[in-house]
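Visitor: This is the structure, below, for whatever I ask next.
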Amino acid sequence: MMNKPMKVTGLLFLLTFTGLVAGTSTAFSENLNALLTGEMQNFAPYETPRAFKDFTFLNSEGAEETLSDHRGKVVLINFWATWCAPCRKEMPSLDRLQGEMGGDDFEVLAIGQDLQGMEKVTGFFKKLGIRNLAPRNDKTVKSGRDSGVFGLPASILLNRDGEEIGRLVGPAEWDSPEAKALIRHIIDGS
């Protein structure tokens, strides 16, 4: 007889806890969906954040960095290439976004997928007057492939724990009010 109430109590707790967790994820995605207007209408969020695989790339000094080196802040990863016309159009807005919002809470990681290497990326940054983004490249393009990127540009938004919130394939004005509101929402919620 003592076992039955314990089972019922445990089941009620499990159902309540599951309902709370489900309610939280639904609220998360509903709040996020309300921000998907204008420039962010093509951003595709997940119901709940997803694990995201770590990868390596090179910085302008030729040193290897990992994505996990940037954990603890919200990160917008942008996969791009110098030969990609939409990427060239988008890059100045990413630079302005990094200049305005970059810091302890947020960073734009623009990771080139140029087979010709870092010299091509740094030359491109100079030509466009990119000052706020750090040149980074992965000439193996493994980082993009392992991240499920099959077209450029592609931008992936991660929370402070390195989990993927969602992604946008194609160009966007990342310094638009809609984009900044989306990013601030993730910064404030994580």
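Visitor: Would you kindly identify the strands (runs of 3 or more DSSP E) lying entirely within the range 47-86 that contain at least 3 residues that are over 19 Å from residue 139 (Cβ atoms) and modelled with pLDDT of 95 or more?
Guide: 74-80
Visitor: Condition check: aliphatic (A, V, I, L, M), surrounded by 15 or more Cβ atoms within 10 Å (Cβ to Cβ), touching a Lys or Arg at 6+ places or on another chain (Cβ under 6 Å) and outside any loop (DSSP other than H, G, I, E, B). Does residue 156 satisfy that? Reasoning before the result, please.
Guide: On the way: aliphatic (A, V, I, L, M): yes; surrounded by 15 or more Cβ atoms within 10 Å (Cβ to Cβ): yes; touching a Lys or Arg at 6+ places or on another chain (Cβ under 6 Å): yes; outside any loop (DSSP other than H, G, I, E, B): yes.
It is true that residue 156 is aliphatic (A, V, I, L, M), surrounded by 15 or more Cβ atoms within 10 Å (Cβ to Cβ), touching a Lys or Arg at 6+ places or on another chain (Cβ under 6 Å) and outside any loop (DSSP other than H, G, I, E, B).
Visitor: Considering only residues of the range 139-164 that are touching a Gly at 6+ places or on another chain (Cβ under 8 Å) and charged (D, E, K, R), which is farthest from residue 82 (Cα to Cα)?
Guide: Only one residue fits best here, namely 160.
Visitor: While we're on this one: I'd like the full set of residues that are part of a loop (DSSP other than H, G, I, E, B) and of a type in the set (D, E, K, R), limited to the range 131-153.
Guide: If we filter the range 131-153 for residues that are part of a loop (DSSP other than H, G, I, E, B), which is where we start, we get 131-135, 138-141, 147-153.
Selection gives 131, 138, 139.
Visitor: Could you look through the range 92-130, keep only residues that are aliphatic (A, V, I, L, M) and assigned to a strand (DSSP E or B), and pick out the one that is farthest from residue 174 (Cα to Cα)?
Guide: Checked the range 92-130; the qualifying residue farthest from residue 174 (Cα to Cα) is 111.
Visitor: Within the group 148, 117, which residue is among the small types (Gly, Ala, Ser) and without any contact (Cβ under 8 Å) to a residue 12 or more places away in the chain? Spell out the reasoning first.
Guide: Details: 117 fails: without any contact (Cβ under 8 Å) to a residue 12 or more places away in the chain.
Being among the small types (Gly, Ala, Ser) and without any contact (Cβ under 8 Å) to a residue 12 or more places away in the chain holds for just one of 148, 117, which is 148.
The values are calculated or read from the model by the stated rules, or taken from the named source; none is laboratory data. Note that the structure is predicted; figures quoted are calculated from it, not measured. Neighbour counts run over all protein chains shown; Cβ positions are idealised from the backbone, glycine included.
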